[in-house]
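One structure is given below, encoded as structure tokens.
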Amino acid sequence: MPTKTELYNEADKLKDAGDLDGAAAKLQEILADDADYALAHSALAVVLQRSGKHAEAIEHAKKVCELEPSDPFSFTALSVTYQRAYAGTDEMSYIPLAEEAMERSRQLQMGH
């Protein structure tokens, strides 16, 4: 059975080749074995976003923030996910959520 790292690397290659569904399947395989693997959630958020599955992408980006609540980058990535969801849907409710996530990132960077 492949390791998490091997599966992640396979998913990354599939993503780079444009096989977003294949990449998502590999990342889901990792998460089926280890639901708290933040890197897989982060990568899955990107893959789902590129596939136009904004709500699912946001859920995975939020999970990264839950798993790594003191990591400013996690909140920056969540903000970007919200921004891209807005760009893909014109749903205005994503804007304040993006701003809130970015503010949390700034607070963490300043040590708050």
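Quick look at the numbers
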item: For region 4-109, size of Cβ-based charge dipole, Lys and Arg +1, Asp and Glu -1, in debye; result: 240
item: When the chain is reduced to its Cα atoms, the Kirkwood hydrodynamic radius in Å; result: 14.2
item: Net charge contributed by nearby residues that have their C-beta within less than 14 Å of residue 67 (K/R +1, D/E -1); result: -4
item: Linear extension gain, residue 70 paired with residue 29, 0.36 nm per residue minus alpha-carbon span; result: 12.1 nm
item: Cα-projected label distance for residue 21 with residue 103, points at 7 Å along beta-carbon direction, nm; result: 4.1
item: All Cα pairs of region 22-88, percent lying beyond 13 Å; result: 57
item: Helix 4-16 axis, angle to the chain major axis (alpha carbon atoms, nearest 10°); result: 80
item: Average Cα contact separation per residue, region 4-109, under 8 Å, 6 or more apart, as relative contact order %; result: 18
item: Cross-link partners of residue 4 among lysines (Cα-Cα below 19 Å; sequence separation of 8 or more within a chain); result: 13, 15, 26, 63
item: Helix 20-33 vs. the chain, principal-axis angle (Cα, 0 to 90°, nearest 10); result: 90
item: Most fluctuating residue given options 16, 36, 71, as computed from a GNM of the chain linking Cα atoms under 10 Å; result: 16
item: On Cα atoms only, tilt of 94-109 relative to the major axis of the chain in degrees; result: 90
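Each value in this text was obtained by applying a stated rule to the coordinates, not by laboratory testing. Predicted, not measured: the structure shown is a model, and the values here were computed from it. No Cβ is skipped: glycine too gets one built from the backbone with ideal geometry, and neighbour counts run over all protein chains shown.
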